[in-house]
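A.B. asks: Pasting a structure here, questions to come.
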Amino acid sequence: MNPTVNADPAELAKFSDLAHRWWDPESEFRPLHQINPLRLGWIDGLASLSGKNVLDVGCGGGILSDSMARKGAEVTGIDLAVKALKVAQLHALEAGTQHVSYREISAEALAQEQPGAFDVVTCMEMLEHVPDPASVVRACSALVKPGGWVFFSTINRNPKSFLFAIVGAEYLLQMLPKGTHEYAKMIRPSELASHCRAAGLELTQTRGMEFNPLTQRYWLSQDTSVNYLIATRKP
């Protein structure tokens, strides 16, 4: 692998090994299927996706990319996990999803190739898996047009998030494969906000995402102590 690429080979291998299960709503990716309507509704409510040119950074198997295309956006999904991209492409063919395409390229490389090309950029559940999150934030800022939206979601770093996102989700409830998240790579909202401001993005909204294991229900709230989402705009 190119040593300058901002990616962890172990992380890519982890998601590639599970790629064939990406579109199984009862698989390890069940949480992504469950939260996708929340993410999609929040993004669409702010950025009005229909007719927009959208980039989904770290798209994986394409769950969010596919749903944004079905909202009327022209979507490009990028990732460095080749098997996941192939699954995304196959699903788009099988489901007949129009206006979505996928590429194996990093956000940093695409930012050099197509600066200011997108109305909306999404980077969801990805920053906690890369060696240099600030580099991805800078690339997302470079990729969006002035006035455009950039959305991030990730996991806070504190004792509660360790208990809920790692001990609870991976070990007790077994909602996710063990080792999906590393505590040291989790990102506090203040850290992500700092990365965004340094990249020239203005914060407009922050939301927390909560989960009730008894009802299996997710909802957006003001509690950013575990999972959270940030909406930013390029001036």
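The values are calculated or read from the model by the stated rules, or taken from the named source; none is laboratory data. The structure displayed is predicted, hence computed values, not measured ones. A quick note on method: Cβ atoms are made from the backbone with ideal geometry, for glycine too, and the neighbour counts reach across all protein chains shown. Calculation scope for accessible area: heavy atoms of the full protein, side chains included, ligands and nucleic acids excluded. Shrake-Rupley method; radii C 1.70, N 1.55, O 1.52, S 1.80 Å.
A.B. asks: Restricted to the stretch 203-235, and to residues that are out of contact with any helix residue (DSSP H, G or I) (no Cβ under 8 Å at 6 or more places or on another chain) and over 24 Å from Glu28 (Cα atoms), which residue is most open to solvent (accessible area, probe 1.4 Å)?
C.D. replies: So, considering only residues that are out of contact with any helix residue (DSSP H, G or I) (no Cβ under 8 Å at 6 or more places or on another chain) and over 24 Å from Glu28 (Cα atoms), the one most open to solvent (accessible area, probe 1.4 Å) is Gln222.
Yes/no matrix, rows are residues, columns are (1) part of a helix (DSSP H, G or I); (2) modelled with pLDDT of 95 or more; (3) more than 16 Å from the chain's Cα centre (by Cα); (4) closer than 19 Å to Met126 by Cα:
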residue: Asn2; (1), (2), (3), (4): no, no, yes, no
residue: Asn6; (1), (2), (3), (4): no, no, no, yes
residue: Glu11; (1), (2), (3), (4): yes, no, no, yes
residue: Pro25; (1), (2), (3), (4): no, no, yes, no
residue: Pro31; (1), (2), (3), (4): yes, no, no, yes
residue: Gln34; (1), (2), (3), (4): yes, no, no, yes
residue: Pro37; (1), (2), (3), (4): yes, yes, no, yes
residue: Gly51; (1), (2), (3), (4): no, yes, yes, no
residue: Cys59; (1), (2), (3), (4): no, yes, no, yes
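A.B. asks: Looking at the stretch 125-148, which of its residues are without any contact (Cβ under 8 Å) to a residue 60 or more places away in the chain and open to solvent by 20 Å² or more (accessible area, probe 1.4 Å)?
C.D. replies: Of the residues in the stretch 125-148, the ones without any contact (Cβ under 8 Å) to a residue 60 or more places away in the chain are 128, 142.
Matches in the stretch 125-148: Ala142 only.
A.B. asks: Being touching a residue at least 24 places away in the same chain (Cβ under 8 Å), farther than 19 Å from Asp8 by Cα and crowded, with 24+ Cβ neighbours inside 10 Å: is that true of Thr122 here?
C.D. replies: Values: touching a residue at least 24 places away in the same chain (Cβ under 8 Å): yes; farther than 19 Å from Asp8 by Cα: yes; crowded, with 24+ Cβ neighbours inside 10 Å: yes.
When the stated conditions are applied, Thr122 passes them.
A.B. asks: Scan Lys145, Lys160 and give me the residue that is outside any helix (DSSP H, G or I), basic (Lys, Arg) and either within 22 Å of Glu28 (Cα to Cα) or modelled with pLDDT of 80 or more (or both). Spell out how you get there, then give the answer.
C.D. replies: Details: Lys160 fails: outside any helix (DSSP H, G or I).
Of the residues listed, the single one that is outside any helix (DSSP H, G or I), basic (Lys, Arg) and either within 22 Å of Glu28 (Cα to Cα) or modelled with pLDDT of 80 or more (or both) is Lys145.
A.B. asks: Also: Please work out if Leu127 is within 20 Å of Val226 (Cβ to Cβ), modelled with pLDDT of 95 or more and touching a Phe, Trp or Tyr at 6+ places or on another chain (Cβ under 8 Å). Don't jump to the end; show me each part of the working.
C.D. replies: On the way: within 20 Å of Val226 (Cβ to Cβ): yes; modelled with pLDDT of 95 or more: yes; touching a Phe, Trp or Tyr at 6+ places or on another chain (Cβ under 8 Å): yes.
Yes: the conditions hold for Leu127.
A.B. asks: Any chance the stretch 62-70 includes a residue that's under 27 Å from Pro131 (Cβ atoms), in contact (Cβ under 8 Å) with a residue 60 or more places away in the chain and not acidic (Asp, Glu)?
C.D. replies: Checked against the condition, which is being under 27 Å from Pro131 (Cβ atoms), in contact (Cβ under 8 Å) with a residue 60 or more places away in the chain and not acidic (Asp, Glu), the stretch 62-70 yields at least one hit.
A.B. asks: When both residues are 6+ apart or on different chains and their Cβ atoms are under 8 Å apart, which pairs have a first residue that lies in the stretch 198-209 and is over 17 Å from Gly116 (Cα atoms), and a second that is of a type in the set (Phe, Trp, Tyr) and in a strand (DSSP E or B)?
C.D. replies: Close Cβ pairs satisfying both conditions: Thr206/Tyr228; Arg207/Tyr228; Gly208/Tyr228; Met209/Tyr218; Met209/Trp219; Met209/Tyr228.
A.B. asks: Based on what the data block shows, is Gly208 within 15 Å of the chain's Cα centre (by Cα) and closer than 25 Å to Gly41 by Cβ? Talk me through it step by step, then tell me what you get.
C.D. replies: Working: within 15 Å of the chain's Cα centre (by Cα): yes; closer than 25 Å to Gly41 by Cβ: yes.
It is true that Gly208 is within 15 Å of the chain's Cα centre (by Cα) and closer than 25 Å to Gly41 by Cβ.
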